[in-house]
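A quick write-up on the structure given underneath.
The values are calculated or read from the model by the stated rules, or taken from the named source; none is laboratory data. Since the structure is predicted, the reported quantities are computational estimates derived from the model, not experimental observations. All Cβ positions, glycine included, derive from the backbone under ideal geometry; neighbour counts span all protein chains shown. The protein model used for the area step is the full one, side chains on, heavy atoms only, and it has no ligands, DNA or RNA in it. Shrake-Rupley method; radii C 1.70, N 1.55, O 1.52, S 1.80 Å.
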Amino acid sequence: VSGEGTLQSPYLIDSELMFKLFTDEFVKSTSKVEEEMFGYGMYFKQTKDLDMTTIADYSGIAASGSTRYTFAGNYNGNGHTINVNISGGGNQSVFPYSYGVISNLKVTGKIKGGVCAQVVRALHGQLINCIFEVNLQAEQEGGMIYSNYGYVYNVYSTGTHTSSSSNAVSVGNSSIKYHNVFYYRTLNGVEVTSSYGSKCKDVNEVAKAFNNKDHQEYNNAISYLDGVELLEVEVTDGKLVFKVSE
């Protein structure tokens, strides 16, 4: 693995195989002690767009209350995209129980499972500056996070649902904080409404809100990133994308 796992020299996620190996570590991490969880104190940085549909044995992560796979690191998507096509019978998502920081990441594609969420099974840490364009198909569809106990800032979620048991943003919430959270999701063609966040179809308005450095939560979000840059977004071909400097 390239890098040293520090802020100045993060571990580099530079290929689909490397991301698969990275997520394989989740299932080895079942401790309830944060300092013992995979990634604790480590920094990871994605260096290119990843198409995980090219990895035959990649099926996301099936974390649940009984398995409780965990991640406690700082994952910087660096403005890049992860495209997925995940299918499984369990609680499918991209990240498991996350106690760390996930930022500057765009996820696209579709997830199918018994219970599923776009990106995080349970958030206990921070989700900052992310864009999710993921269709869900399951008995129960949890939106971008299945259970949220953490902090969310600058997140936009769009896509479709097929189950009447669906949520645009999250299913379970406790001691949560949502700031600048937007969604536009549909259930079999009908708009879904959430108790959390704001329904917004106009991505130009979302981009304006994301880039507002005068927002009262901006400095708090920056402090959670612990030195990682908060990337601005723009609208290209009717979709939100990150402004990537490299």
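Which of the residues that make up the stretch 131-162 are under 18 Å from Asn91 (Cα atoms), outside any strand (DSSP E or B) and either under 13 Å from the mean Cα position of the chain (by Cα) or of a type in the set (D, E, K, R) (or both)? Those that are under 18 Å from Asn91 (Cα atoms), outside any strand (DSSP E or B) and either under 13 Å from the mean Cα position of the chain (by Cα) or of a type in the set (D, E, K, R) (or both): Gly142, Gly143, Met144. When you look at Gly90, is it out of contact with any Cys (no Cβ under 8 Å at 6 or more places or on another chain), surrounded by fewer than 24 Cβ atoms within 10 Å (Cβ to Cβ), more than 19 Å from Thr30 (Cα to Cα) and small (Gly, Ala, Ser), yes or no? Against the criterion (out of contact with any Cys (no Cβ under 8 Å at 6 or more places or on another chain), surrounded by fewer than 24 Cβ atoms within 10 Å (Cβ to Cβ), more than 19 Å from Thr30 (Cα to Cα) and small (Gly, Ala, Ser)), Gly90 does not qualify. For the stretch 32-40, the criterion of being more than 24 Å from Leu225 (Cβ to Cβ) and surrounded by 15 or more Cβ atoms within 10 Å (Cβ to Cβ) is met by no residue.
Restrict the check to the stretch 68-87 and report whether at least one residue is within 24 Å of Glu232 (Cα to Cα), open to solvent by 20 Å² or more (accessible area, probe 1.4 Å), more than 14 Å from the chain's Cα centre (by Cα) and modelled with pLDDT of 95 or more. Within the stretch 68-87 (the criterion being within 24 Å of Glu232 (Cα to Cα), open to solvent by 20 Å² or more (accessible area, probe 1.4 Å), more than 14 Å from the chain's Cα centre (by Cα) and modelled with pLDDT of 95 or more), the answer is no, since none of the residues qualifies. In summary, Leu127 fulfils each of the numbered conditions (1) of a type outside the set (Lys, Arg); (2) open to solvent by 10 Å² or more (accessible area, probe 1.4 Å); (3) on the phi < 0 side of the Ramachandran plot; (4) in a strand (DSSP E or B) with the single exception of condition (2).
The condition (being in contact with a helix residue (DSSP H, G or I) (Cβ under 7 Å, 6 or more places away or on another chain) and free of Cβ contacts under 8 Å to residues at least 40 places away in the same chain) is satisfied by just one residue among Asp57, Asp51: Asp51.
Checked against the criteria, Asn85 does not count as assigned to a loop (DSSP other than H, G, I, E, B), under 27 Å from Asn154 (Cβ atoms), out of contact with any Pro (no Cβ under 6 Å at 6 or more places or on another chain) and of a type in the set (S, T, N, Q). Take the residues in the stretch 95-123 that are modelled with pLDDT of 95 or more and outside any strand (DSSP E or B); name whichever of them is most open to solvent (accessible area, probe 1.4 Å). Out of the qualifying residues, it is Tyr99. A single member of Asn219, Asn180, Asn212 is open to solvent by 20 Å² or more (accessible area, probe 1.4 Å), assigned to a helix (DSSP H, G or I) and either among the β-branched types (Val, Ile, Thr) or at pLDDT 95 or above (or both), and it is Asn219.
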